[in-house]
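Encoded as structure tokens, the structure appears first; notes follow it.
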Amino acid sequence: IRRRVAKYREDNLKLEKRISERTIELESLNQKLSELATEDSLTGVLNRRALEQGLQREWYRCLDQRRPLSALMIDVDHFKQYNDKFGHLEGDVLLREIAQSLKTNHDSKRELLARFGGEEFALLLPGVSLEDAVQRADKIRLAVTEHNRNITVSIGVAGFVPSIQMEQISLLRRADAALYRAKRAGRNRVEKDND
């Protein structure tokens, strides 16, 4: 009986060790899956899903604290022509370079940078007023051009103190509308929300 009990305990310890190893393995895989679910695989910045989650979180935080929340919508000028001239693989390289330039010009602890789609990026700036966000956008525009002289970006900026009556998505819509005004006004410029 003692030998059987000892064997049972030994087998049980081996099984517990294997379960522990598998649990650690699964936790690591779940962490990787979580990162993949929120990271844009091409550029390495956050994806649109993460942007929407971050917008909700920051919206309520700024609403509670009565602080402004600003957004920049950043679009690569003439990207289609670049792709047509150099090919999609070079276009991908360019998007990665621009994403890297944007990463170096934002504070990942306080701000949220994401690829919105295609050649468009978004930057959320919690606690930043519209006027400060416009200045920040112009610095980013210049930094991207300085990094690659053949490329320019247009940026639309919106910012306000959130209210209960407003929809969260209105911040991005207003920044996007300002972006398209910048495009229509000649590109390589910053336009702010007029509402």
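The values are calculated or read from the model by the stated rules, or taken from the named source; none is laboratory data. Given the structure is predicted, the values throughout are model-derived calculations rather than measurements. FYI the Cβ positions are ideal-geometry reconstructions off the backbone, even for glycines, and counts take in every protein chain you see. We work out accessible area using only protein heavy atoms, side chains counted, and drop any ligands, DNA or RNA first. Shrake-Rupley method; radii C 1.70, N 1.55, O 1.52, S 1.80 Å.
When only residues in the range 130-173 that are in a loop (DSSP other than H, G, I, E, B) and within 23 Å of Arg66 (Cα to Cα) count, which is most open to solvent (accessible area, probe 1.4 Å)? Step through it out loud before you land on a result.
Quick first cut of the range 130-173, residues in a loop (DSSP other than H, G, I, E, B) only: 148-152, 161-168.
Next cut, within 23 Å of Arg66 (Cα to Cα) only: 161-168.
Values: Val161: 70, Pro162: 8, Ser163: 32, Ile164: 140, Gln165: 160, Met166: 59, Glu167: 116, Gln168: 43 Å².
Ranking the candidates gives Gln165 first.
Could you run through the range 174-191 and say how many residues are open to solvent by 80 Å² or more (accessible area, probe 1.4 Å) and among the basic types (Lys, Arg)? Before the answer, list the steps.
Our first condition is that a residue be open to solvent by 80 Å² or more (accessible area, probe 1.4 Å); within the range 174-191, this holds for 180, 184, 187, 189.
Right, trim to among the basic types (Lys, Arg) and you get 184, 187, 189.
Within the range 174-191, residues that are open to solvent by 80 Å² or more (accessible area, probe 1.4 Å) and among the basic types (Lys, Arg) number 3.
Return yes when Arg4 is in a helix (DSSP H, G or I) and over 30 Å from Asp193 (Cα atoms) and no when it is not.
Numbers: in a helix (DSSP H, G or I): yes; over 30 Å from Asp193 (Cα atoms): yes.
Spelling it out, Arg4 is indeed in a helix (DSSP H, G or I) and over 30 Å from Asp193 (Cα atoms).
Filter the range 28-51 down to the residues that are at pLDDT below 90 and of a type outside the set (Lys, Arg) and list them by number.
Within the range 28-51, Ser28, Leu29, Asn30, Gln31, Leu33, Ser34, Glu35, Leu36, Ala37, Thr38, Glu39, Ser41 qualify.
Please go through the range 34-79 and give me each residue that is among the charged types (D, E, K, R), open to solvent by 30 Å² or more (accessible area, probe 1.4 Å) and out of contact with any Gly (no Cβ under 7 Å at 6 or more places or on another chain), ordered by number. Lay out the reasoning, then the answer.
Going residue by residue through the range 34-79, those that are among the charged types (D, E, K, R) are 35, 39-40, 48-49, 52, 57-58, 61, 64, 66-67, 75, 77.
If we keep only those that are open to solvent by 30 Å² or more (accessible area, probe 1.4 Å) as well, we get 35, 39, 48-49, 52, 57, 61, 64, 66-67.
Matches in the range 34-79: Glu35, Glu39, Arg49, Glu52, Arg57, Arg61, Asp64, Arg66.
Select, from Glu97, Glu90, the only residue that is in a helix (DSSP H, G or I), in contact (Cβ under 8 Å) with a residue 24 or more places away in the chain, charged (D, E, K, R) and surrounded by fewer than 17 Cβ atoms within 10 Å (Cβ to Cβ). So that I can check it myself, show each step before the final result.
On the way: Glu90 fails: in contact (Cβ under 8 Å) with a residue 24 or more places away in the chain.
Sole residue among the options that is in a helix (DSSP H, G or I), in contact (Cβ under 8 Å) with a residue 24 or more places away in the chain, charged (D, E, K, R) and surrounded by fewer than 17 Cβ atoms within 10 Å (Cβ to Cβ): Glu97.
Inspect the range 106-129 for any residue being assigned to a helix (DSSP H, G or I) and either exposed (fewer than 14 other Cβ atoms within 10 Å of the Cβ) or in contact with an Asp or Glu (Cβ under 8 Å, 6 or more places away or on another chain) (or both) and give the result as yes or no. Let's see the steps before the verdict.
Residues of the range 106-129 that are assigned to a helix (DSSP H, G or I), as a first pass: none.
Within the range 106-129, none of the residues are assigned to a helix (DSSP H, G or I) and either exposed (fewer than 14 other Cβ atoms within 10 Å of the Cβ) or in contact with an Asp or Glu (Cβ under 8 Å, 6 or more places away or on another chain) (or both).
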